[in-house]
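I have placed the structure first, in the form of structure tokens, so that the comments after it can refer back to it.
The values are calculated or read from the model by the stated rules, or taken from the named source; none is laboratory data. Fair warning: this is a prediction, and the values are worked out from it, not measured in the lab. All Cβ positions, glycine included, derive from the backbone under ideal geometry; neighbour counts span all protein chains shown. Note: areas computed on protein heavy atoms with side chains; ligands, DNA, RNA excluded. Shrake-Rupley method; radii C 1.70, N 1.55, O 1.52, S 1.80 Å.
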Amino acid sequence: MKDGFRQSMAWLHTWSGLLVCWVLFLVFAGGTASYFRDEISLWMKPELHATIAANVTPTRAAENALRALQQKAPDATRWFVTLPDDRAPTMRIAWQPPKAPGEKAARFQNEILDSATGEKMATVRETRGGEFLYRLHYDLHYMPALWARWIVGFCAMFMLVAIISGVITHKRIFKDFFTFRRKKGQRSWLDAHNALAVLALPYHLMITYTGLITLMFLYMPAGYQAVYNGDQKALIADVFPSSKETPAAGKPASLTAIAPLLAQAAQHWNGGQADRITVNHPGDANATIVVTRQYEKRLSYLRPSMRFNGVNGALISSSGDEVNGAAETRGVLYGLHMGHFSNPLLRMLFFICGLAGCAMVATGALLWAVKKRQNYAKVLANGGRIGFGLRLVDGMNIGTIAGLPIAFATYFWANRLLPVVMENRPETEIRYFFIAWAIAMIVAHVRPTRRMWQWQLGVGGFLFMALPILNALTTDTHLGVTLFNGPLVYAGFDLIVLSLGCCLAYTSWKMRGKSPAIKAMVAKTAAQSVASNNDKQAMPEAT
């Protein structure tokens, strides 16, 4: 505090951002893509594109799904049906088989059905689609989910500290938003960082804080542990009443018709439609059916549900119609983070703010490297080399900021180039994502130079710009068809990746040659060094 409160916040802002910036860039990139995860998943399954035009009522789709489950999994302990909607026009069924002896829990199985017929969709490529990118931004990959969520939460807390300390540090933060000085080295990077931070400052604060709220019971479990004596099942039973289930009776009984239940639920919700149907103990006398409502255009993430007797159709309970203040507050914060309430225009605005967050993190990391590189100007002028720390940060910056777009594009390329039918296809696509990123990271550390920035940004730009061409060569729903005669979701994906590719390619093109600011700085330092040496040599003669 010797230099004052504002100056002490500058130190905190720098290091709280730098230490976790590479993980934050991954989280921002995956989370930003997740605003369109349904659209990405649909694009990555071109065999389903014809189903978007199918006009099937939710009741008919549910009847077809339950009929298919009765045929495929009559002995399952639970059935799940996800009905089609505006963003995901496909119907998915899943079931949990009985546990095998010595097995902790049976693995779920699922299929995609034609909602009009109830038949399994033939030759639909298996892929995680946008779900992988969504999970990546908080579960990471190749590590236990619990560890990943602690790592991401730790980094999110650092991000929150960096945002607050950054606001305190920059006394003229809003004035600096309108200031950008080109080709000024460190000053230009600082102007860019300030502008990107202030441009979407409310979004950055909201998305970071609500991200922590979504996993608050993991990060701050003391409250519910004290109330429920550590019994997590009791907490879930109180928070989610529909999860309370009686054990199976062991007596066979026919399942009631689903149509009257959906009609009763729609009437109870004033015309709201069902989104998910869960059947517990199907074919048993104690069977129950839980109908969950579709997401509404409201901030809260909470969704009402109704629980019926699975044999006679009697209403057992309903939940979510009236919630207490604490639950509604968490539901609103959770909903703000997920963005399900947004229309396509607002979702695009969130997407742009997410890209601004990626750029903010990237410019912050680069700003530190630019400042440190100036300290090495004299060393570089004399033919020396930069230190290990700066070289490590340069490699991480290139491998993350320029390498991650290569990994994203490779993931989409793998979806189109791998055989439609192959074993472990989803994991193979994900493996190509990490192989591409690993290669980019390794070569970035081998040669962390300006030329490497140019090459990796160029490769990422080419892969993104060529995606619409690859799509046109491998599917019938490409940009040339859907832009004028087809669903805009397909044209939208191609246009977005084309725009991202153009931005990366333009950045690569602008990085030709050496940086003028660094070049001038090294030349000036070299001239000063030569002049100093000449003065030293002339001093004895003058004496």
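Listed by position, the helices (runs of 4 or more DSSP H) contained in segment 198-284 that have at least 1 residues being at pLDDT 90 or above, in contact with a strand residue (DSSP E or B) (Cβ under 8 Å, 6 or more places away or on another chain) and polar (S, T, N, Q) are 259-268. The residues of segment 430-462 include none that are in contact with a Ser or Thr (Cβ under 6 Å, 6 or more places away or on another chain) and among the charged types (D, E, K, R). Collect the residues in segment 303-330 that are surrounded by fewer than 13 Cβ atoms within 10 Å (Cβ to Cβ) and closer than 23 Å to residue 281 by Cβ, keeping them in residue-number order. Of everything in segment 303-330, those that are surrounded by fewer than 13 Cβ atoms within 10 Å (Cβ to Cβ) and closer than 23 Å to residue 281 by Cβ turn out to be 312, 314. Taking the criterion of being aliphatic (A, V, I, L, M) and either open to solvent by 80 Å² or more (accessible area, probe 1.4 Å) or not in a loop (DSSP other than H, G, I, E, B) (or both), the residues of segment 123-157 that qualify are 133, 136, 145, 146, 148, 151, 152, 156, 157.
Look at (1) of a type in the set (Phe, Trp, Tyr); (2) out of contact with any Ser or Thr (no Cβ under 8 Å at 6 or more places or on another chain); (3) open to solvent by less than 20 Å² (accessible area, probe 1.4 Å) and you find that residue 79 fails only one, number (2).
Looking only at segment 429-451, count how many residues are part of a loop (DSSP other than H, G, I, E, B) and either among the charged types (D, E, K, R) or touching a strand residue (DSSP E or B) at 6+ places or on another chain (Cβ under 6 Å) (or both). Spell out the reasoning first.
Quick first cut of segment 429-451, residues part of a loop (DSSP other than H, G, I, E, B) only: 447-449.
Right, trim to either among the charged types (D, E, K, R) or touching a strand residue (DSSP E or B) at 6+ places or on another chain (Cβ under 6 Å) (or both) and you get 447.
Qualifying residue count for the region: 1.
One residue alone among 339, 399, 354 is open to solvent by less than 10 Å² (accessible area, probe 1.4 Å), at pLDDT 90 or above and within 30 Å of residue 294 (Cα to Cα), and that residue is 354. The set of residues in segment 43-75 that are hydrophobic (A, V, I, L, M, F, W, C), open to solvent by 10 Å² or more (accessible area, probe 1.4 Å) and modelled with pLDDT of 90 or more contains only 66.
Among the residues of segment 260-281, those that are under 25 Å from residue 90 (Cβ atoms) and in contact with an Asp or Glu (Cβ under 9 Å, 6 or more places away or on another chain) comprise 269, 272, 273, 275, 280. Every test in (1) in a helix (DSSP H, G or I); (2) touching a Gly at 6+ places or on another chain (Cβ under 6 Å); (3) open to solvent by less than 20 Å² (accessible area, probe 1.4 Å) is passed by residue 289 save one, and that test is (1).
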